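Here the structure is laid out as C-alpha cells; the discussion comes afterwards.
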Amino acid sequence: MPYVIQKNSLNKSMGMLTTDYARKGWSIIMEGPVVTIDVSKGICHYQPYVSNGHPMRKPKVLHDTIEGFETLNKLIEDMKVKYETAYVPVVFEATGIYHRCLQKFLEDRQMPYYIISPLMSASYRKTMPNSNKTDDLDCAHIAKAYYGEINLLPYEKSSTHFKKLKELNRYYESELNHLRTRKNTFRKYLDIVYPRLDKCFRGRASLYDEVPMEVLKKYPHPTLLLKHKETTIIKVIEKRTNHNTRIYRRYSA
C-alpha cells in the first residue's frame with residue numbers, strides 16, 4: 001500500500017492534503033517536528049519533538065494565559081527557522097472544556113493542530129516500559145500516538161449545522177436509553193401482574209400496539225378481564241380506538 005509521508009517542506013495546506021489523501025485510501029505517516037501538549041485545568045505541560053523518539057528538551061510548564069500561549073507561539077516560530085520548515089503542528093488530548101482556551105488561541109493564529117482521544121493516548125502509553133501517567137511522561141505518550149497513528153488528520157472546525165445535529169443526536173441517544181430502561185422495567189412488572197400477556201395476541205402484535213395497551217388501560221388486572229365476555233371486551237376497545245370488530249377479533253386470543 002502506498003504511503004504519504006508528511007515532509008517538512010510542505011506548508012500549512014498540508015492539513016488539506018492529508019485529508020484528500022486519506023479519502024483516496026492512502027495511508028499517512030506523521031514525520032517532522034511537532035509540539036505536544038498535556039492539557040489540564042489552568043496549567044499545561046508542553047514538549048517539542050524533532051522526530052519520533054527525539055525530543056528537543058524536557059517538558060516545561062505552559063500557563064493557560066495569553067503570555068503562556070505567546071511562549072508557545074515563539075517556540076513554534078523558532079522551530080520553523082531552526083529546522084527549515086513551514087509546518088510545525090500542535091497535538092494534544094481532548095480534555096473537554098480545559099483545552100478550549102488553547103484551541104481558541106491556535107485557531108485565531110491559524111496554526112495547525114491535532115486533537116487525539118485520551119483512549120488513543122492511553123493505548124500507546126501501555127506499550128511503553130514506564131506506563132505511569134505523569135505530567136512529564138504524558139507529552140511523550142502523546143508524541144508516540146502522533147507519530148505512530150496512521151491516517152491521523154488535523155482538526156477541522158465543524159459547521160454550525162453539524163454541531164446542532166450532533167447535539168440532537170446525543171439528546172436522541174439519551175432519550176432512547178431512557179426509553180429502553182422504562183420498557184425493561186415495564187415488562188418486568190407486567191410479567192408479574194399479567195404473565196405471558198404477549199402470547200395472548202395473534203400475529204406480530206406488539207405489547208406497545210394500540211390494542212394491547214388499550215386492554216391494559218381498561219383491565220389493569222387479569223381478574224378484571226376474566227369477568228367480561230369476549231364480545232364485551234371487543235366493543236369496549238372498539239369504542240375507544242374507533243376500530244371495527246373484525247380487526248379486534250384478529251388480535252383476540
Given the condition modelled with pLDDT of 85 or more and under 30 Å from S51 (Cα atoms), answer yes or no: does some residue in the stretch 146-155 qualify?
yes
Looking only at residues in the stretch 77-92 that are in contact with a helix residue (DSSP H, G or I) (Cβ under 7 Å, 6 or more places away or on another chain) and aromatic (F, W, Y), which one is nearest to A145 (Cα to Cα)?
F92
Tell me which residues, restricted to the stretch 86-103, are under 15 Å from N73 (Cα atoms) and among the polar types (S, T, N, Q).
Q103
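Results for (1) part of a helix (DSSP H, G or I); (2) within 29 Å of the chain's Cα centre (by Cα), shown as yes or no for each residue.
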{"site": "K80", "(1), (2)": "yes, no"}
{"site": "Y87", "(1), (2)": "no, yes"}
{"site": "R100", "(1), (2)": "yes, yes"}
{"site": "Q103", "(1), (2)": "yes, yes"}
How many residues of the stretch 64-76 are in contact with a helix residue (DSSP H, G or I) (Cβ under 7 Å, 6 or more places away or on another chain) and open to solvent by 40 Å² or more (accessible area, probe 1.4 Å)? The answer is 1
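Yes/no matrix, rows are residues, columns are (1) within 23 Å of Y155 (Cβ to Cβ); (2) open to solvent by 70 Å² or more (accessible area, probe 1.4 Å); (3) modelled with pLDDT of 90 or more:
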{"site": "L62", "(1), (2), (3)": "yes, no, no"}
{"site": "M79", "(1), (2), (3)": "yes, no, yes"}
{"site": "K82", "(1), (2), (3)": "no, yes, yes"}
{"site": "V91", "(1), (2), (3)": "yes, no, yes"}
{"site": "Y124", "(1), (2), (3)": "yes, no, no"}
{"site": "N132", "(1), (2), (3)": "no, yes, no"}
{"site": "A140", "(1), (2), (3)": "yes, no, no"}
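The values are calculated or read from the model by the stated rules, or taken from the named source; none is laboratory data. For clarity, every value in this text was computed on a predicted model and none was experimentally measured. Quick reminder, even Gly has a Cβ in these numbers, built from the backbone with ideal geometry, and neighbours come from all protein chains shown. The protein model used for the area step is the full one, side chains on, heavy atoms only, and it has no ligands, DNA or RNA in it. Shrake-Rupley method; radii C 1.70, N 1.55, O 1.52, S 1.80 Å.
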